[in-house]
Amino acid sequence: MRLLFASFVCLASALLVSAAENVTGTDSLAGASREAVAGRTDAALKILDDAEKRGDSSGLLLAKRGCIHLEQGKTEEALSDFHTAHEKDPTLYLPRLRLGDVYFRQKKWDEARAAYLELMGDTNVLVLNERLRYGILMTHLAAKDDDGAKPAFDRVVFPTETPAYYYAQAAWAFAHGSQKAGEKWMKTADGIFDASQTAWFARPLFDLGWIKTKPPIVLD
């Protein structure tokens with residue numbers, strides 16, 4: 001009886017260890033996202049580091065790490081993460097999209113635009129293309145290049161599946177001195193989409209000083 005009980009305990013312990021060692025990458029990414037959104041970026045990175053130690057070194061994990069490094073202002077680390085993620089899984093769009101975001105954060109408008117344009121040439125995914133069109137518009141507005149901004153602005157047409165149209169209108173208004181109109185467009189978007197959907201679009205407006213509230217971090 002004692003031998004049977006001891007065997008049961010050993011088996012149960014082994015199963016628990018096995019479960020701990022085989023936490024799926026999805027669980028790790030979800031946990032890292034929760035920590036990051038809560039502002040605990042170091043905790044989010046630890047979750048990803050632990051997952052990598054267990055053997056998950058996927059391109060998606062590396063891309064998520066890059067998003068966190070970008071949020072922390074570690075742009076060189078983010079660049080490395082995104083390049084490595086793309087090399088590991090060339091099918092992922094996230095590293096390439098966020099590569100443009102890094103250059104934008106570094107105020108390298110031409111490099112950011114080139115990254116967005118290159119990705120746009122390789123995808124026909126509607127929601128991604130809407131983000132890319134918006135990103136391209138933002139690089140022109142940030143550079144005070146109205147000649148380039150106007151056709152880019154005209155390409156973000158209504159309706160959009162994402163907040164792209166509303167935020168393009170807001171960005172154009174902010175860039176041309178219409179603070180009230182810009183805020184109105186953002187308010188309209190915020191009434192349609194939740195914060196997780198608008199955050200990526202709002203971030204360049206914050207980076208340029210056009211809005212004062214920092215959007216929540218997003219890892220996609």
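One table, with the values for the structure above:
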item	result
Computed over the chain: relative contact order in percent, which uses C-alpha pairs under 8 Å that are six or more apart	14
Stokes-Einstein D for segment 171-211, Kirkwood Rh over Cα pairs, 4 °C, 1.567 mPa s (µm²/s)	126
Using θ = phi - 60° and Karplus 6.51 cos²θ - 1.76 cosθ + 1.60, couplings along segment 134-145 (whole Hz; Gly, Pro as x)	5, x, 4, 4, 5, 5, 6, 5, 4, 7, 6, 9
Whole-Hz couplings from phi, Karplus 6.51/-1.76/1.60, listed for segment 30-38; x for Gly and Pro	5, x, 5, 5, 4, 5, 5, 4, 7
Protein accessible area in segment 57-137, 1.4 Å probe - carbon and sulfur %	51
For the chain, alpha-carbon Rg relative to the globular expectation (2.2 N^0.38 Å, N residues)	1.23
Under Karplus coefficients 6.51, -1.76 and 1.60, residue-wise ³J(HN,Hα) of segment 78-86 in Hz, glycine/proline x	5, 4, 4, 4, 5, 5, 5, 4, 5
Accessible surface, per residue, of segment 85-138 when the full set of protein chains is kept, probe 1.4 Å, Å²	47
Length added when fully stretched, residue 30-residue 208, from 0.36 nm per residue minus Cα-Cα	61.1 nm
Dimensionless Rg ratio for segment 57-188, taking C-alpha atoms and the 2.2 N^0.38 Å reference	1.07
Part-to-part distance (alpha-carbon centres) for segment 136-163 and segment 172-220, which is given in Å	14
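The values are calculated or read from the model by the stated rules, or taken from the named source; none is laboratory data. All values reported here derive from a predicted model rather than from experimental measurement. Areas reflect the complete protein model, heavy atoms only, side chains present, ligands, DNA and RNA absent. Shrake-Rupley method; radii C 1.70, N 1.55, O 1.52, S 1.80 Å.
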